[in-house]
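The values are calculated or read from the model by the stated rules, or taken from the named source; none is laboratory data. Since this is a predicted model, take the numbers as computed values, not measurements. Here Cβ is always computed from backbone atoms with ideal geometry, including for glycine, and neighbour counts include all displayed protein chains.
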Ligand SMILES: [Zn+2]
């Protein structure tokens, strides 16, 4: 659905000038260009999720966007901190919006917005707020390059935000699955059916040893040399395979026990540390929040599986 070209608000010098001089269409999949004085300003559309925002000057913000079409974009939202600005809502974290962007010399400028989703329920509970913050922070760490489109990861992030909002009690499974899919996007999908060192085909059943530093299971010949091996039983391997292959929305229908999700976390966390330069600080905060929560075990949260036995190293 197209939105005709009257630009929103008075966003300050550049975009106000754009608003005055541009005659543009805000339509799906259309790249447009407008005029400011004698100069052509390239414009483009983007469906984007706001990952971060920072204040700039007295009324502006810099936002980090994850757009489906163009990947990570840093942009200025001029005047967006003014209470009357229509860009204000579109620059809140996790907000999904369709944007008309003007290409700038250093940073692009958001010139129009149409908010599609604000995830109000995510913001009403502190733990789900932190889960959403972590999802966005992890995405920012994963997308190291600007302008590298990752439409699959965009769709997964959108699904993860919706699902945490709808099923906060399954947030652990949703977060671990998104981490797994992020590793796959980076090219570090864990090897489960072959030894990650020698390539020997391994049985899908039974117990294996997994090495986070190598990024996969190891055969009997190779695992004694690994200093960071973690024992991985068949149920955990099956859960990891499901997380890699299944759609996030379908995954919730599989009976993956909370204890198994905890064991997947034990494998995934050091793998992520090894593959990304750093894990977001929101992850540490979320972990400490969940430790405090586990001490109190409120009635509306899944309890630890009493039959589970932690894997031996
Ligand atoms: Zn091997």
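Might you let me know whether region 173-190 holds any residue that is touching a strand residue (DSSP E or B) at 6+ places or on another chain (Cβ under 8 Å), over 14 Å from residue 66 (Cα atoms) and in contact (Cβ under 8 Å) with a residue 24 or more places away in the chain?
Yes, there is a match, as at least one residue in region 173-190 is touching a strand residue (DSSP E or B) at 6+ places or on another chain (Cβ under 8 Å), over 14 Å from residue 66 (Cα atoms) and in contact (Cβ under 8 Å) with a residue 24 or more places away in the chain.
Within region 132-150, which residues are closer than 20 Å to residue 287 by Cβ and touching a strand residue (DSSP E or B) at 6+ places or on another chain (Cβ under 7 Å)?
If the condition is that a residue be closer than 20 Å to residue 287 by Cβ and touching a strand residue (DSSP E or B) at 6+ places or on another chain (Cβ under 7 Å), then 136, 139, 140 are the ones that fit.
Conditions: (1) over 24 Å from residue 170 (Cβ atoms); (2) part of a helix (DSSP H, G or I); (3) at pLDDT below 85. Residue 292 meets all but one. Number of the miss?
Among (1) over 24 Å from residue 170 (Cβ atoms); (2) part of a helix (DSSP H, G or I); (3) at pLDDT below 85, the lone unmet condition for residue 292 is (1).
So which strands (runs of 3 or more DSSP E) are wholly in region 202-242 and hold at least 1 residues that are within 11 Å of the ligand (Cβ to nearest atom)?
By residue number, 208-211, 216-218.
Could you grab me the full set of residues in region 151-172 that are buried (at least 22 other Cβ atoms within 10 Å of the Cβ) and touching a strand residue (DSSP E or B) at 6+ places or on another chain (Cβ under 7 Å)?
Selection gives 157 alone.
Does residue 161 fit the bill of being more than 16 Å from the ligand (Cβ to nearest atom) and modelled with pLDDT of 95 or more?
Judged against the criteria, residue 161 is a match.
So that you can scan it fast, the table gives a plain yes or no per residue for (1) surrounded by fewer than 17 Cβ atoms within 10 Å (Cβ to Cβ); (2) under 13 Å from residue 267 (Cβ atoms):
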site	(1), (2)
206	yes, no
211	no, yes
219	no, no
222	no, no
229	no, yes
235	yes, yes
246	yes, no
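Being assigned to a strand (DSSP E or B) and touching a helix residue (DSSP H, G or I) at 6+ places or on another chain (Cβ under 6 Å) is the filter; apply it to region 67-98 and report the residue that is surrounded by the fewest Cβ atoms within 10 Å (Cβ to Cβ).
Checked region 67-98; the qualifying residue surrounded by the fewest Cβ atoms within 10 Å (Cβ to Cβ) is 97.
Among 297, 256, which is at pLDDT 90 or above, out of contact with any strand residue (DSSP E or B) (no Cβ under 6 Å at 6 or more places or on another chain) and either more than 16 Å from residue 179 (Cβ to Cβ) or more than 16 Å from the ligand (Cβ to nearest atom) (or both)?
Answer to the check: 256.
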